[in-house]
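Peer 1: One structure is given below, represented as structure tokens, and several questions about it will come after.
The values are calculated or read from the model by the stated rules, or taken from the named source; none is laboratory data. Keep in mind it's a predicted model, so treat the numbers as computed, not measured. Note that each Cβ is placed from the backbone with ideal geometry, even for glycine, and that neighbours are counted across all protein chains shown.
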Amino acid sequence: MRVLVTGSAGHLGEGLVRILRERQHEVVGLDLQESPFTAHVGSITDHAFIRRCMRGIDAVIHAATLHKPHVATHRRAAFVETNIAGTLTVLEASLDSGVGVVVHSSTTSVFGAALRPGNGQPAAWVDERVDSVPRNIYGVTKKAAEDLCELFYRSKGLPCIVLRTARFFPEADDDPELRHRYDDLNLKVNEYLYRRLDLADAVEAHVLAAERGSGIGFARYVLSSTTPFERQHLSRLRTDAPRVVRELFTDYEDVYEPRGWKMLPSIDRVYVNQRARDELGWKPRFDYRNVLDRVKGGEEVFSELAKRVGSKGYHSQRFDEGPYPVEKDR
């Protein structure tokens with residue numbers, strides 16, 4: 001399979017190129033930045049450039065994007081240009097070039113306000129049926145890009161798979177309060193209960209979507225580690241998450257206490273990946289039980305792929321207030 005990966009110099013893009021190459025696929029990497037994983041340097045908004053890159057391509061994995069960390073540093077128009085107009089350019093070129101499937105890497109940020117239940121409400125059970133209520137320009141433009149993918153399938157017959165990924169970045173959390181209260185690894189391990197994804201599992205889902213998407217047509221999938229929680233836990237997760245975790249993992253405190261770690265007092269959402277597992281045949285390996293056992297055994301928590309790709313950051317400059325500036329809620 002000859003695969004075009006947009007955003008090939010990025011965190012997900014590099015992981016994709018590495019794994020596709022290892023599996024003997026022919027990979028064409030495209031990015032604004034030069035890298036060992038980038039064959040063509042240019043913009044996804046450049047129609048002629050994108051069409052040249054599409055020659056002989058069987059599948060496109062579209063990972064190029066402006067991310068949430070760019071919200072406070074980039075103009076809103078830049079998000080529209082990259083995330084919407086750029087996706088439109090990729091879709092048009094894919095259609096004209098006879099590409100078999102486009103896999104669009106999206107984000108759970110499109111759910112937005114739906115991820116924050118009100119006071120006294122149970123934690124949100126977040127699957128593909130939850131409506132999107134974007135809270136910033138990032139979420140708005142990623143949802144619009146998803147809708148373009150659906151439009152091209154409905155009106156033009158171009159198979160498109162949308163993957164809404166949970167957080168898999170290695171950088172520290174952007175919330176200063178959380179950074180102050182929790183050790184970084186402690187916080188990331190906690191997140192495997194409900195909102196984190198290892199890079200290797202994210203890459204595997206994208207590759208499966210590229211291989212099987214033409215037979216599916218169009219679908220949206222939530223990608224996150226497999227949660228141990230069930231609907232019956234949602235109310236108590238808001239009021240006493242440690243007790244729920246203790247019931248399911250009787251050894252978790254034995255692992256946490258020697259390290260000075262803490263469980264989150266409240267969990268407000270649970271990402272549900274059942275549809276991706278059922279329809280794509282995706283089998284994510286990294287979940288809370290897995291990473292807890294790794295910590296217990298003194299092993300590396302994250303996958304070998306995540307270690308090889310490492311931390312890239314999102315900006316060329318450093319910021320005093322955290323890994324990146326955050327736009328305040330309005």
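Peer 1: Considering only the range 169-189, I want to know if a residue exists there that is within 19 Å of Phe302 (Cα to Cα), buried (at least 22 other Cβ atoms within 10 Å of the Cβ) and modelled with pLDDT of 95 or more.
Peer 2: Yes: one or more hits.
Peer 1: Right, here's the next one. Take the range 187-215 and flag every residue that is touching a Gly at 6+ places or on another chain (Cβ under 8 Å) and of a type in the set (S, T, N, Q).
Peer 2: Ser214 - this is the single residue of the range 187-215 that is touching a Gly at 6+ places or on another chain (Cβ under 8 Å) and of a type in the set (S, T, N, Q).
Peer 1: Considering each of Ile57, Ile50 in turn, give the residue that is in contact with a Lys or Arg (Cβ under 9 Å, 6 or more places away or on another chain), more than 16 Å from Ser105 (Cβ to Cβ) and either among the basic types (Lys, Arg) or touching a residue at least 40 places away in the same chain (Cβ under 8 Å) (or both). Write out each step before concluding.
Peer 2: Working: Ile50 fails: in contact with a Lys or Arg (Cβ under 9 Å, 6 or more places away or on another chain).
From the options Ile57, Ile50, the qualifying one is Ile57.
Let's see how each residue does on (1) exposed (fewer than 15 other Cβ atoms within 10 Å of the Cβ); (2) in contact (Cβ under 8 Å) with a residue 24 or more places away in the chain; (3) closer than 21 Å to Phe229 by Cβ:
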| position | (1), (2), (3) |
| --- | --- |
| Gly100 | no, yes, no |
| His104 | no, yes, no |
| Gly112 | no, yes, no |
| Ala123 | no, yes, yes |
| Val133 | yes, no, no |
| Asn136 | no, yes, no |
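Peer 1: Just a yes or no: is a residue in the range 25-35 assigned to a helix (DSSP H, G or I), within 17 Å of Ser105 (Cβ to Cβ), among the hydrophobic types (A, V, I, L, M, F, W, C) and modelled with pLDDT of 95 or more?
Peer 2: Looking for residues that are assigned to a helix (DSSP H, G or I), within 17 Å of Ser105 (Cβ to Cβ), among the hydrophobic types (A, V, I, L, M, F, W, C) and modelled with pLDDT of 95 or more, one finds none in the range 25-35, hence no.
Peer 1: Return the pairs, sorted by first residue and then second, in which the second residue is surrounded by fewer than 17 Cβ atoms within 10 Å (Cβ to Cβ) and of a type outside the set (A, V, I, L, M), the first residue lies in the range 165-176 and is assigned to a loop (DSSP other than H, G, I, E, B), the beta carbons are less than 6 Å apart, and the residues are 6+ apart or on different chains.
Peer 2: Qualifying pairs under 6 Å: Pro170/Ser311; Glu171/Ser311; Ala172/Arg179; Ala172/Asp184; Asp173/Arg179; Asp174/Gly322.
Peer 1: Same structure again: Residue check: is Val255 under 20 Å from Phe169 (Cα atoms), at pLDDT 95 or above and not in a loop (DSSP other than H, G, I, E, B)?
Peer 2: Working: under 20 Å from Phe169 (Cα atoms): no; at pLDDT 95 or above: yes; not in a loop (DSSP other than H, G, I, E, B): yes.
Here the answer is no, as Val255 does not meet what is asked.
Peer 1: Of all residues in the range 13-47, count the ones that are within 18 Å of Glu304 (Cα to Cα), in contact with a strand residue (DSSP E or B) (Cβ under 6 Å, 6 or more places away or on another chain) and touching a residue at least 24 places away in the same chain (Cβ under 8 Å). Break it down stepwise before answering.
Peer 2: Taking the range 13-47 and keeping what is within 18 Å of Glu304 (Cα to Cα), we get 13-23, 37.
Applying the additional criterion that residues be in contact with a strand residue (DSSP E or B) (Cβ under 6 Å, 6 or more places away or on another chain) yields 13, 16-17, 20-21, 37.
Adding the requirement that they be touching a residue at least 24 places away in the same chain (Cβ under 8 Å) leaves 13, 16, 20, 37.
The qualifying residues number 4.
Peer 1: Further question on the same structure: Search the range 45-74 for residues being in a helix (DSSP H, G or I) and hydrophobic (A, V, I, L, M, F, W, C), and hand back the single one that is farthest from the chain's Cα centre (by Cα). Before the answer, list the steps.
Peer 2: Narrowing the range 45-74 to residues in a helix (DSSP H, G or I): 47-53, 68-70.
Then keep just the ones that are hydrophobic (A, V, I, L, M, F, W, C); that gives 48-50, 53.
Working: Ala48: 29, Phe49: 26, Ile50: 24, Cys53: 25 Å.
Looking at residues that are in a helix (DSSP H, G or I) and hydrophobic (A, V, I, L, M, F, W, C), I get Ala48.
Peer 1: Assess whether Leu237 counts as being farther than 21 Å from Ser105 by Cβ, buried (at least 20 other Cβ atoms within 10 Å of the Cβ), in contact with a helix residue (DSSP H, G or I) (Cβ under 8 Å, 6 or more places away or on another chain) and in contact (Cβ under 8 Å) with a residue 60 or more places away in the chain. Break it down into steps so the answer makes sense when it comes.
Peer 2: Details: farther than 21 Å from Ser105 by Cβ: yes; buried (at least 20 other Cβ atoms within 10 Å of the Cβ): yes; in contact with a helix residue (DSSP H, G or I) (Cβ under 8 Å, 6 or more places away or on another chain): yes; in contact (Cβ under 8 Å) with a residue 60 or more places away in the chain: yes.
Judged against the criteria, Leu237 is a match.
Peer 1: Within the group Glu146, Glu128, which residue is part of a loop (DSSP other than H, G, I, E, B), closer than 25 Å to Arg277 by Cβ and touching a strand residue (DSSP E or B) at 6+ places or on another chain (Cβ under 6 Å)? Working first, answer last.
Peer 2: Details: Glu146 fails: part of a loop (DSSP other than H, G, I, E, B).
Going through Glu146, Glu128 in turn, just one is part of a loop (DSSP other than H, G, I, E, B), closer than 25 Å to Arg277 by Cβ and touching a strand residue (DSSP E or B) at 6+ places or on another chain (Cβ under 6 Å): Glu128.
Peer 1: Follow-up. Which one is nearest to Glu211 (Cα to Cα) among residues in the range 1-56 that are surrounded by 21 or more Cβ atoms within 10 Å (Cβ to Cβ) and acidic (Asp, Glu)?
Peer 2: It comes out as Glu14.
Peer 1: Are there any pairs with C-beta distances below 6 angstrom linking a residue in the range 288-299 that is of a type in the set (Val, Ile, Thr) to a residue that is outside any helix (DSSP H, G or I), with the two at least 6 apart or on different chains, and if so which?
Peer 2: Val291/Tyr192; Val291/Val301
Peer 1: When you go through Arg243, Arg220 one by one, which is the residue that is part of a strand (DSSP E or B) and of a type in the set (Lys, Arg)? Outline the logic, then answer.
Peer 2: Working: Arg243 fails: part of a strand (DSSP E or B).
Residue meeting the stated conditions: Arg220.
Peer 1: Of all the residues that make up the range 223-234, how many are over 11 Å from Leu193 (Cα atoms) and either of a type outside the set (Asp, Glu) or touching a residue at least 24 places away in the same chain (Cβ under 8 Å) (or both)?
Peer 2: Taking the range 223-234 as the starting set, the residues that turn out to be over 11 Å from Leu193 (Cα atoms) are 223, 230-234.
Then keep just the ones that are either of a type outside the set (Asp, Glu) or touching a residue at least 24 places away in the same chain (Cβ under 8 Å) (or both); that gives 223, 231-234.
The total comes to 5.
Peer 1: Does Trp282 satisfy the criteria of being under 20 Å from Leu187 (Cα atoms) and in contact (Cβ under 8 Å) with a residue 12 or more places away in the chain?
Peer 2: Numbers: under 20 Å from Leu187 (Cα atoms): no; in contact (Cβ under 8 Å) with a residue 12 or more places away in the chain: yes.
No.
Peer 1: Limited to the range 258-278, what total is found for residues that are out of contact with any Ser or Thr (no Cβ under 6 Å at 6 or more places or on another chain), touching a residue at least 24 places away in the same chain (Cβ under 8 Å) and not in a loop (DSSP other than H, G, I, E, B)?
Peer 2: So the answer is 6.
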